Amino acid sequence: MATLSSTLALYFSFTLLCFNLISASFSPLDHYLVNCGSPEHSTVDFDHRRFTGDVSDSTASFLTSTESISLADPNPCPKSSPIYHTARVFTRLSKYKFVIKNPGMHLVRLHFRRLRGSLDFSNAKFHVLANGFVLFNSLSVEMGDDFEIVKDYVIGVDSDVLVITFVPSEKSNFAFVNAIEVISAPNDLMADVAQYVSFDKKEQIHGLLKNGFETMYRVNVGGWKVTPFNDSLWRTWVTDDEYLKSDDGSSKVHFGGRINYQEGGASREVGPDNVYNTARVIRSSGNSIPKLKMTWTFPVTKGYKYLVRMHFCDIASIARGMLFFNVYVNNNLAYENLDLTEVTNRLLASPFYADFVVDGDSSGVLTLSVGPSNMSLPHAVDAILNGVEIMKINNSVGSFDGKICAHAVLKSWKRGNGNVLYPMLAAVFMLLMAFVIMHRRRTGVTDSVAWWRLPTEIPEVNLKCGNQLSSNKL
């Protein structure tokens with residue numbers, strides 16, 4: 001019994017130590033965690049982060065709209081995080097404003113999950129803007145009760161305020177959000193230069209930080225799922241099994257030693273230990289080099305450019321200078337004879353990442369591969385990959401979703417919003433909605449829409465937006 005108690009005490013002490021180390025490694029100057037629609041002053045999520053309710057007095061300045069309501073799930077799923085038990089619902093254009101103390105790149109995460117109740121969240125379609133970027137147009141949250149969506153962005157903020165705007169679509173008449181995160185990003189998280197790779201050329205691209213980025217995939221290759229609790233930027237890394245297309249002759253590697261982070265190299269904020277201490281590798285067991293590649297495929301949207309970040313850390317070689325391999329992006333050679341020893345100051349188990357920009361072509365698939373090169377050695381590791389991140393880059397009108405710019409969204413709303421009145425105290429709204437439903441049922445009217453109709457759906461055309469964010473073209 002004493003042994004069991006000691007073991008449990010050691011386990012919890014180790015867990016607490018890990019949590020303290022993760023928490024202490026990065027302290028962002030801007031750090032807003034908002035539990036939308038919650039009357040509670042604070043809510044602790046499953047990853048031990050404290051979200052503040054947007055109803056409390058301390059956060060009243062975040063939400064600038066007075067024409068919204070807060071909803072709570074009457075029967076929340078016990079497996080879902082508490083931040084998904086409430087939501088803020090908007091029936092007209094509404095804004096959250098966050099004071100920015102540290103201008104530069106910021107992490108912006110929006111959380112969505114439908115609540116149980118009379119409101120049909122599956123019909124919600126709306127637009128979300130952030131400082132001139134269109135994060136998405138007419139998002140349709142068609143999900144099951146237990147399905148959650150996290151929209152994850154990195155965008156630049158060069159002013160003292162970040163404004164996130166929710167614009168309901170006419171088709172649903174309302175928008176909603178469960179939680180919002182706004183966190184200043186570390187200076188080394190995003191690089192301004194990357195290698196553009198296509199069928200006919202490779203060249204350096206500068207000025208990436210003028211753009212915004214939407215995370216499409218974040219994958220821990222060869223390892224387990226990494227939850228926000230184990231990441232200093234509170235990210236989620238999924239396993240690679242779903243995306244692995246070809247792994248003949250490869251194997252997984254797990255490393256129990258220390259990851260050698262170096263000044264000026266990849267930091268824990270770029271990639272956590274739990275990503276760099278696992279990998280998939282190709283080994284040659286004899287005198288011949290295997291003629292194969294490990295390949296991963298990812299569905300993407302054509303018409304956009306993507307930032308591909310590939311994470312490497314040689315945790316498998318028995319000595320320095322024994323690992324040489326090629327890297328392929330969309331079947332094009334992106335890096336030839338990569339020698340991790342050379343790029344990590346001759347240290348093993350030291351992380352390195354490479355950024356590539358590629359086009360999302362008509363195939364709708366982005367392919368990544370690693371394999372032996374003509375410098376690979378027998379009886380050695382001949383290829384390795386630890387992690388992958390794929391981020392969509394905004395298009396020429398500053399949008400991550402279509403060809404409608406933020407100016408067009410706002411202009412369309414204002415044009416159709418002239419004579420519509422919204423009596424929007426939350427309690428009055430809910431009572432009136434209940435009265436309308438009861439009245440319709442008594443009179444036999446079959447149309448049971450319980451929300452006022454909003455004006456002017458944004459047309460599905462390529463609206464001209466002048467030179468809106470035109471400097472962000474790649």
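For VAL329, the conditions (1) of a type outside the set (Ser, Thr, Tyr); (2) open to solvent by 20 Å² or more (accessible area, probe 1.4 Å); (3) touching a strand residue (DSSP E or B) at 6+ places or on another chain (Cβ under 9 Å) all hold with the exception of (2). Within the range 132-142, restricting attention to residues that are in contact with a Lys or Arg (Cβ under 7 Å, 6 or more places away or on another chain) and open to solvent by 10 Å² or more (accessible area, probe 1.4 Å), the residue that is modelled with the lowest pLDDT is SER140. Taking ASN230 as the residue in question, decide whether it is touching a helix residue (DSSP H, G or I) at 6+ places or on another chain (Cβ under 7 Å) and not aromatic (Phe, Trp, Tyr). Criteria met by ASN230.
Looking only at the range 347-357, decide whether some residue is under 20 Å from LYS245 (Cβ atoms) and under 25 Å from the mean Cα position of the chain (by Cα).
Initial filter on the range 347-357 (under 20 Å from LYS245 (Cβ atoms)): 356.
Pick out the ones that are also under 25 Å from the mean Cα position of the chain (by Cα) and you get 356.
Scanning the range 347-357 turns up at least one residue that is under 20 Å from LYS245 (Cβ atoms) and under 25 Å from the mean Cα position of the chain (by Cα).
Considering the range 346-357, the residues that are more than 23 Å from ASN274 (Cβ to Cβ) and either out of contact with any Leu (no Cβ under 7 Å at 6 or more places or on another chain) or open to solvent by 40 Å² or more (accessible area, probe 1.4 Å) (or both) include one that is modelled with the lowest pLDDT, namely ARG346.
Scanning the range 233-244 for residues that are part of a loop (DSSP other than H, G, I, E, B), more than 12 Å from the chain's Cα centre (by Cα) and surrounded by fewer than 22 Cβ atoms within 10 Å (Cβ to Cβ) yields ASP241, GLU242, TYR243.
Apart from one condition, ASN287 fits all of (1) closer than 30 Å to PHE400 by Cβ; (2) open to solvent by 10 Å² or more (accessible area, probe 1.4 Å); (3) assigned to a loop (DSSP other than H, G, I, E, B); the exception is (1). With respect to being within 28 Å of the chain's Cα centre (by Cα), more than 30 Å from ASP359 (Cα to Cα), among the acidic types (Asp, Glu) and part of a loop (DSSP other than H, G, I, E, B), GLU263 fits the description. Looking across the range 94-122, the residues that are surrounded by fewer than 21 Cβ atoms within 10 Å (Cβ to Cβ) and in a loop (DSSP other than H, G, I, E, B) come down to ILE100, LYS101, ASN102, PRO103, ARG116, GLY117, SER118, LEU119, ASP120.
Please specify each residue of the range 259-280 satisfying the condition of being of a type outside the set (Ser, Thr, Tyr) and in contact with a Gly (Cβ under 8 Å, 6 or more places away or on another chain).
The first filter runs over the range 259-280 and keeps only residues of a type outside the set (Ser, Thr, Tyr), leaving 259-260, 262-266, 268-275, 277, 279-280.
Those that are of a type outside the set (Ser, Thr, Tyr) and in contact with a Gly (Cβ under 8 Å, 6 or more places away or on another chain): GLY271, ASN274, VAL275, ASN277, ALA279, ARG280.
Within the range 334-345, can one find any residue that is modelled with pLDDT of 95 or more, over 31 Å from the mean Cα position of the chain (by Cα) and not hydroxyl-bearing (Ser, Thr, Tyr)? Checking the range 334-345: at least one residue is modelled with pLDDT of 95 or more, over 31 Å from the mean Cα position of the chain (by Cα) and not hydroxyl-bearing (Ser, Thr, Tyr).
Against the conditions (1) surrounded by fewer than 11 Cβ atoms within 10 Å (Cβ to Cβ); (2) modelled with pLDDT of 85 or more, SER6 satisfies every one except (2). Of note, ILE282 satisfies the criterion of being over 20 Å from GLU389 (Cβ atoms) and not in a loop (DSSP other than H, G, I, E, B). Of the residues making up the range 124-131, none is surrounded by fewer than 17 Cβ atoms within 10 Å (Cβ to Cβ) and farther than 20 Å from THR43 by Cβ.
Taken over the range 175-230, the residue count meeting the criterion of being of a type in the set (Ser, Thr, Tyr), in a loop (DSSP other than H, G, I, E, B) and either open to solvent by less than 10 Å² (accessible area, probe 1.4 Å) or under 29 Å from LYS101 (Cβ atoms) (or both) is 1. With the condition kept exactly as written, say whether any residue in the range 365-382 is under 24 Å from ASN274 (Cα atoms), at pLDDT below 95 and open to solvent by 40 Å² or more (accessible area, probe 1.4 Å). No; the residues of the range 365-382 include none that is under 24 Å from ASN274 (Cα atoms), at pLDDT below 95 and open to solvent by 40 Å² or more (accessible area, probe 1.4 Å).
The values are calculated or read from the model by the stated rules, or taken from the named source; none is laboratory data. Everything numeric in this text was worked out from a predicted model, so none of it was measured. Glycine also receives a Cβ, built like all others from the backbone with ideal geometry; neighbour counts cover every protein chain displayed. Areas reflect the complete protein model, heavy atoms only, side chains present, ligands, DNA and RNA absent. Shrake-Rupley method; radii C 1.70, N 1.55, O 1.52, S 1.80 Å.
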